[in-house]
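Only one structure is covered here, and it is reproduced in the block below.
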Amino acid sequence: MPVPDYQTLMLPVLKLFAESKQSIPECIEDLKQQFNISDEEAEELLPSGKMTYLFNRAHWARTYLGKAGLLESPKRGQHQITQLGLDVLAKNPTAINNKMLAAFSDFSEWRSRDTVGSKDELEVHNNASTIEFDQTPEDQIQSASKILDAALRDDLLTALLQVSPTRFERLILDLLKSMGFGRSKHGQSILTPVSGDGGIDGIINEDALGLDAVYIQAKRYAPENRVSRPDIQRFVGSLTGESATKGVFVTTSDFSKEAKQYVERVQQRVILINGRLLADLMIEHDVGGRTRTTYLVKSIDDDYFTDI
């Protein structure tokens, strides 16, 4: 039997995690047996040649279930069913699909916030040729790209919360360098000592003498733990102590309204980067991620057919 689409796999995947499966690879053999998928069909690769259709669709089924709150991921690559997921299974549904998941506020918020313009029945995960008549092929590619980036953004933030504080600080320096800071001939970046850093986690010198430097504070906070105004005040105080004029405060969560308002009134130029923007910048500048597949959109070359 051909590999089912990702929505068909949602209910079986949720049931497998209810049976104590902890990862998608652990689910593959059960899915093969349930849908009578042959070894040859299970090993069929996507055009990129780096992932099978079965694993890819099971992965997307898991991702969408997670966005609805039916699964959670305590660690990268490990997943478990939530109480909400158990409640859904208790109702003995015959299927789970995007239309059903749209009834959950977390899923609807994720789709409206991160994938505006995408379609519930988008076939990018299904290897189907169906085209939405209200979207051009280019529009479909853009919609699919938004879905992929939204999922990657969440994966990056999960990974950031699991690295060590020192590795996180180094990652922020790597990102800023990738964005062009400290790229001059004599520019350099350094991490401050773990203890006694005075509220400064890193420094990027834009010139050889360090006359033009950017000071960095990086905080790995859970999503619900926002950076408050006192946190920003301490950072600004550290900048003043260093006679610094530029600062970047980065967090995996977000900033309180009072913190944002305070930054607007200080003498120093302080840029705030919250978790969403941090993940977007990492995607844009290829930090912590890599390109898996590239699709070329070709059109006719009119010049080639012009009479000489």
*Compute the length gained on full extension between GLU29 and SER112: take 0.36 nm times their separation in residues and subtract their Cα-Cα distance, giving the result in nm to one decimal.*
26.5 nm
_Restricting to DSSP loop positions (anything but H, G, I, E, B) with no more than 16 other Cβ atoms inside 10 Å of their own Cβ, which trypsin sites (Lys or Arg not before Pro) remain in the range 1-86?_
LYS50, ARG76
*Which loop-located trypsin sites (Lys or Arg not before Pro) does the range 247-285 contain, where loop means any DSSP state but H, G, I, E or B and the Cβ has at most 10 other Cβ atoms within 10 Å?*
ARG265
*THR94 to SER20: FRET efficiency via 1/(1 + (r/R0)^6), r the Cβ-Cβ distance, R0 30 Å, to the nearest 0.05?*
0.80
*Find, among the GluC sites (Glu not before Pro) in the range 202-271, those assigned to loop by DSSP (not H, G, I, E, B) with at most 15 other beta-carbon atoms within 10 angstrom.*
GLU224, GLU242, GLU264
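Each reported figure results from applying straightforward, stated rules to the coordinates on display, with no laboratory input. Everything numeric in this text was worked out from a predicted model, so none of it was measured. FYI the Cβ positions are ideal-geometry reconstructions off the backbone, even for glycines, and counts take in every protein chain you see.
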